[in-house]
Amino acid sequence: MNRDTVLSRLVAAALTAATLALCLIVLGSGRLAASGEGAVPRPQQDAAPPTQGAADAAPAQSGYVGPETCLTCHDTATLHGTAHGNPRIPGSPAADKGCESCHGPGQAHVEDDAKGHILKFSQMPARQVSDTCLTCHNKTEHAMWDSSSHAARNMGCVSCHSVHAPKSERGQLVKATQLELCATCHKPQAHKQLRSSHMPVREGKMTCTSCHNPHGSTNVRMLRVGNYINESCISCHTEKRGPFLWEHAAGRESCVTCHDPHGSNNDRMLVVRTPMLCQRCHIGTRHPSTIYEGTALAQRSNRLVNRGCTSCHQQIHGSNHPSGNAFAR
Ligand code: HEC
Ligand code: HEC
Ligand code: HEC
Ligand code: HEC
Ligand code: HEC
Ligand code: HEC
Ligand code: HEC
Ligand code: HEC
Ligand code: HEC
Ligand code: HEC
């Protein structure tokens with residue numbers, strides 16, 4: 001190693017160290033700014049991390065009065081029957097500071113004649129409420145919330161969930177069923193479930209959240225699994241994964257080129273019937289594929305009847321047969 005290389009390596013190392021230090025400073029100040037902003041006092045510093053300290057230990061800490069005190073005046077706002085009201089679930093509000101795990105320390109509120117000094121979620125924008133929920137729900141299922149399309153559109157946890165007055169049997173939703181909930185904003189997708197060909201969503205064997213994670217994900221369209229659309233589909237339809245000796249380029253690109261995941265009135269949820277589906281891409285092939293010429297129509301072309309092109313090209317998703325290059329076997 002000559003002197004020049006040693007020198008240049010030293011310089012490079014010094015630069016890296018400087019950048020790292022700069023990053024740390026920026027990060028640090030960013031965090032400071034974040035914790036300082038917003039007029040609403042944030043209870044999470046006190047609420048998390050949830051300890052094994054039971055509700056009766058809470059009053060000892062400054063500012064907390066314990067749920068029994070709250071319930072002397074607020075008899076309706078109970079959490080009975082929900083996970084939040086169950087002290088046996090580790091980390092639930094009931095196992096921690098009760099009402100005050102979410103609403104923040106209540107001493108000042110109890111003493112205040114004007115009854116201020118408390119987080120009034122029902123009067124706050126949904127988005128702000130989420131900050132409190134995320135002190136506990138920030139892992140696995142909810143880890144990607146901040147980058148979800150729902151968060152980006154100013155929605156919050158309480159756009160879909162209710163803590164005190166849930167209407168659904170599962171998941172504490174603001175509507176009786178999940179389909180009903182999603183349908184309030186996504187009518188086209190929900191209504192497509194009523195088409196003749198669909199996955200068993202309206203039969204209740206699947207839900208919108210079988211495929212989507214409304215709390216955000218790494219995939220496009222908030223799809224629960226994978227990093228691109230096909231990975232979502234093949235998480236259930238594994239036989240379509242391949243690898244195939246002969247791949248159909250169209251399938252490799254995306255399953256939704258040919259299928260509508262929410263349902264369609266064509267066989268097998270196809271976006272268009274065959275042969276028209278195929279002819280979107282295949283207009284000139286070894287055998288005449290067009291159905292629009294007079295003879296084909298007059299002779300009731302075999303591309304029009306039965307399953308159209310796939311009567312012969314059966315292995316349309318790919319073939320492992322040595323001579324399956326045309327997906328006919
Ligand atoms: C001495 C009676 C009393 C006690 C104890 C009390 N509150 Fe209140 N609280 C009130 C009154 C009165 C109001 C204002 C009327 C209303 O909006 O219900 C109020 C309002 C609230 C609100 C706002 C309601 C809204 O419309 O958004 C919340 C949340 C709340 N209290 C939570 C608590 C919590 C949590 C505790 C226990 C730490 C607590 N309260 C203890 C009397 C009390
Ligand atoms: C998991 C967080 C959480 C806990 C624990 C909690 N609340 Fe709430 N509270 C909320 C949210 C969110 C709202 C807004 C309405 C809703 O989502 O149901 C709310 C609303 C309220 C309201 C306004 C009235 C209403 O229904 O809109 C009162 C009063 C209240 N809570 C009191 C309490 C009391 C008393 C307790 C303890 C028994 C408690 N809360 C525990 C989150 C919580
Ligand atoms: C102090 C921690 C804590 C806070 C704050 C909190 N939760 Fe929870 N929540 C839990 C725990 C623990 C469970 C039960 C385990 C689970 O499902 O993750 C739970 C369960 C749930 C469930 C599932 C209920 C079911 O029946 O499946 C929903 C929905 C929920 N929380 C919504 C919220 C919302 C909305 C907020 C904010 C208003 C919130 N939580 C704030 C701890 C918390
Ligand atoms: C677009 C609507 C929507 C929004 C916004 C939303 N959720 Fe959910 N959430 C759902 C649905 C739907 C389910 C599944 C309910 C079921 O089990 O059928 C669910 C399930 C949950 C569960 C139980 C999941 C489990 O692990 O079993 C928790 C906890 C929860 N949500 C918390 C939150 C929190 C916290 C926020 C805000 C950061 C939030 N949700 C925002 C729709 C939503
Ligand atoms: C309160 C209205 C509302 C509800 C309820 C709602 N959404 Fe959304 N959703 C939105 C908005 C707004 C967008 C953003 C649309 C856009 O950016 O074009 C969105 C986007 C989406 C997207 C597209 C994501 C993307 O990245 O393109 C999916 C998937 C989705 N929602 C699924 C669901 C599911 C599943 C439910 C039911 C659990 C649900 N939504 C409930 C309002 C809602
Ligand atoms: C079988 C899996 C699956 C189910 C079940 C499902 N979706 Fe989707 N959804 C997808 C895929 C895949 C896309 C992406 C489609 C595209 O990019 O062309 C998507 C896209 C979306 C979008 C974005 C807009 C669009 O059409 O591209 C919304 C909104 C949406 N779905 C809502 C819902 C709702 C609401 C339900 C329940 C009624 C539901 N989805 C059920 C797989 C599913
Ligand atoms: C959560 C599991 C799951 C995911 C993810 C999933 N499917 Fe399905 N799919 C099913 C089930 C269950 C059926 C019904 C099977 C049956 O009836 O035998 C089905 C049926 C189908 C059918 C046949 C419909 C018919 O009329 O026979 C097609 C086509 C299909 N899915 C395509 C897709 C595509 C494309 C994707 C990705 C966007 C996808 N699926 C994602 C579970 C899933
Ligand atoms: C080039 C268009 C095209 C693409 C791309 C495509 N399919 Fe299909 N798919 C079809 C056709 C056509 C049928 C009906 C086959 C028949 O009639 O024999 C079908 C049938 C199906 C069926 C039901 C019947 C069966 O064979 O099990 C499922 C499930 C399915 N496709 C899933 C997928 C998945 C998952 C992907 C993505 C990996 C995908 N498809 C990509 C055209 C396509
Ligand atoms: C989105 C466009 C698209 C659609 C829709 C589509 N294909 Fe293809 N298909 C392709 C491409 C691209 C190739 C690869 C062509 C190549 O390698 O030269 C291909 C290859 C083929 C081959 C093998 C041809 C060869 O030269 O090896 C057959 C057979 C075929 N497709 C049949 C069909 C049938 C039947 C349908 C309807 C169910 C269909 N395709 C729908 C794009 C499409
Ligand atoms: C009656 C059976 C049959 C029908 C129906 C049929 N094909 Fe074919 N196709 C074949 C055969 C046989 C071959 C040649 C296979 C080989 O070379 O091994 C072929 C070859 C192809 C090729 C590859 C030819 C090339 O140029 O290299 C494509 C692409 C294709 N067909 C598309 C279609 C489309 C699109 C339709 C519907 C409009 C269709 N086929 C309908 C039997 C059929």
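Put a dot 7 Å past each Cα toward the Cβ at S210 and I89; how far apart are the dots in nm?
2.5 nm
Looking at the stretch 148-213, which GluC sites (Glu not before Pro) are DSSP coil and have at most 15 other C-beta atoms within 10 Å of their C-beta?
Details: sites: E169, E180, E203; in loops: E169, E203.
Filter output for the stretch 148-213: E169, E203.
Quick one: what are the phi-derived ³J(HN,Hα) couplings along the stretch 145-160, Karplus 6.51/-1.76/1.60 with θ = phi - 60°, whole Hz, x for glycine and proline?
3, 4, 9, 6, 5, 5, 5, 5, 9, 6, 7, x, 4, 7, 5, 10
Could you list S159, S232, S196 in order of exposure, starting from the residue whose Cβ has the fewest other Cβ atoms within 10 Å?
Going from least to most buried by this count: S196, S159, S232.
How far apart, in nm, are two points set 7 Å out from the Cα along the Cα-to-Cβ line at T184 and at S196?
Taking the two extended label points, one gets 3.4 nm.
Could you list which residues have their amide H under 5 Å from that of V271, counting only those 5 or more apart in sequence or on another chain, with H placed in the peptide plane?
Residues meeting the amide H criterion: H259, D260.
If each residue of separation counts as 0.36 nm, what is the full-extension length gain between E169 and H137 once their alpha-carbon separation is subtracted? Show your work: numbers first, answer last.
Details: separation 32, 0.36 × 32 = 11.52 nm, distance 2.00 nm.
Roughly 9.5 nm would be gained on extension.
Straight-line reach from K192: which lysines fall under 19 Å, measuring Cα to Cα and dropping same-chain residues less than 8 apart?
Correct list for K192: K205.
With label points built 7 Å along Cα→Cβ from the Cα atoms of R280 and T72, find their separation and express it in nm.
Going from the R280 label point to the T72 one covers 6.8 nm.
Could you pull out every residue, at least 5 positions away or on a different chain, whose amide H is within less than 5 Å of the one on R224? Hs are placed 1.01 Å off N in the peptide plane, and Pro or chain starts have none.
Under 5 Å from the amide H of R224 lie the amide H atoms of H212, N213, each far enough along the sequence or on another chain.
Taking amide H positions as placed in the peptide plane 1.01 Å from N, state which residues far from H161 in sequence (5 or more) or on other chains have amide H under 5 Å from it.
Answer set, sorted by chain and number: V174.
Calculated FRET efficiency, E231 and T177, Cβ-Cβ r, R0 30 Å, to nearest 0.05? Intermediate results must be reported in sequence, preceding the final value.
Numbers: r = 28 Å, r/R0 = 0.92.
Once rounded, the FRET efficiency stands at 0.60.
What list do you get for C136, C157 if you sort them by fewest beta carbons within 10 Å? Each step should come with its number before you reach the end.
Working: C136 20, C157 24.
Lowest to highest Cβ neighbour count: C136, C157.
So how far, in whole Å, is the C-alpha centre of the stretch 125-181 from the one of the stretch 193-245?
21 Å
Nearest 0.05, what FRET efficiency do E253 and R273 give at R0 = 22 Å with Cβ-Cβ as r? Kindly include the intermediate steps, with their values, before the conclusion.
Numbers: r = 20 Å, r/R0 = 0.93.
Step by step, r from the Cβ atoms, then E = 0.60.
Which trypsin sites (Lys or Arg not before Pro) in the stretch 179-211 pass both tests, a DSSP loop state and at most 12 other beta-carbon atoms within 10 Å? Show your work: numbers first, answer last.
Values: sites: K192, R195, R202, K205; in loops: R195, R202, K205.
Of the trypsin sites (Lys or Arg not before Pro), the ones in loops of the stretch 179-211 whose Cβ has at most 12 other Cβ atoms within 10 Å are K205.
Laboratory data are not the source of any read-out in this text; all were calculated from the coordinates shown. What you are looking at is a predicted structure, and each value in this text was computed from that prediction instead of being measured. Quick reminder, even Gly has a Cβ in these numbers, built from the backbone with ideal geometry, and neighbours come from all protein chains shown.
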